[in-house]
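Have a look at the structure below, then the notes.
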Amino acid sequence: MYRFSHVDVFTEQRFEGNPLAVFPDAEGLSDQQMQRIANEMNLSETAFVLRTTREDCDARVRIFTPAYEMLFAGHPTIGTAFVLASLGRVPAGKGSIVFEEGVGPVSVRYEGPAQAPLRAWLLTPPITFGPVFGDRAACAAAASLTSEDLLEGIPLEVAGAGPRFLYLPVRDRATVDRAQPDLAAISRLLRDERLIGIFVFAVERERGEFYSRMFAPDAGIGEDPATGSATGPLAAFAVRHALIDARPGGSVRLLSEQGVKMGRRSLLHIHVTFAHGSPATIEIGGSAVHVLDGELDLP
């Protein structure tokens, strides 16, 4: 019998945000069992907590979509941090916890008391940039848009912090809402570069806000309500292409609103610190709400 908690992440309201199942005591489950459980849960991701294999980590977290295991994902990291806090498993005297994930250690700090945090902040792993997709019309068509809908002068570039995404900046929020994923076209477009999905977004520079959607059919995710692993690279992409202002030696707070079109509004808070005009650290923060607890009896 394996107990699990179901939480909604990147929200303060039940039935909004990105739902997550967390198995806090997953020792004894095989890789195949974890994958089958994630497929059964049919959520964007399911997280399994195990004993860490590293001295610099407090717990190991394995994260599965319905289709495969992820090296790193944001809402499972934040959601698992909340679940372990509610179970009293944050190391005594600490306001943070470090997870061993596929990309290595991922640090999460708590805002407020660790037993009942207001928000949790993950430190985004190192971000890399990949190729630029030159066929703008084909990229736009994968989201049922046209090249005229794309933000002029900004490349369609790959970025990621482990998992990698193709970023499609568009003109405004209404364009984001008009996007309709062509799942077969997205799959063909991303397969050669082994990308997770396409991230369609608009930026409101004066307000420091993004309005976003993410489609990942090969991960078993038609549309993701909140994609924390893509949000750190989103901020880095925006700095790289001057969509937001860098503040040398300072910091900036941003917000990404995602999942609105699918009725799962999510708020992903972003804190960027700068050194020499480039991001030095990018933290992604959010809340989580407990929905239910359950038990899984394996055959």
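Restricting the stretch 21-42 to residues that are surrounded by fewer than 23 Cβ atoms within 10 Å (Cβ to Cβ) and of a type in the set (A, V, I, L, M, F, W, C), the residue that is nearest to the chain's Cα centre (by Cα) is Met41. Of all the criteria given as (1) closer than 24 Å to Ala67 by Cβ; (2) in a strand (DSSP E or B), the one not satisfied by Glu257 is (1). Does Leu122 satisfy being in a strand (DSSP E or B), at pLDDT 95 or above and either over 14 Å from Tyr167 (Cα atoms) or over 23 Å from the mean Cα position of the chain (by Cα) (or both)? Considered against the rule, which asks whether it is in a strand (DSSP E or B), at pLDDT 95 or above and either over 14 Å from Tyr167 (Cα atoms) or over 23 Å from the mean Cα position of the chain (by Cα) (or both), Leu122 comes out as yes. Here Tyr68, Tyr2 are screened, and the one residue that is of a type outside the set (A, V, I, L, M) and out of contact with any Phe, Trp or Tyr (no Cβ under 7 Å at 6 or more places or on another chain) is Tyr68. Residues considered: Ile63, Ile154, Ile78, Ile127. Of these, the only one that is β-branched (Val, Ile, Thr), farther than 18 Å from Val7 by Cα, touching a Gly at 6+ places or on another chain (Cβ under 9 Å) and buried (at least 16 other Cβ atoms within 10 Å of the Cβ) is Ile127.
The values are calculated or read from the model by the stated rules, or taken from the named source; none is laboratory data. The shown structure was predicted, so the numbers you read here are calculated from the model rather than taken from an experiment. No Cβ is skipped: glycine too gets one built from the backbone with ideal geometry, and neighbour counts run over all protein chains shown.
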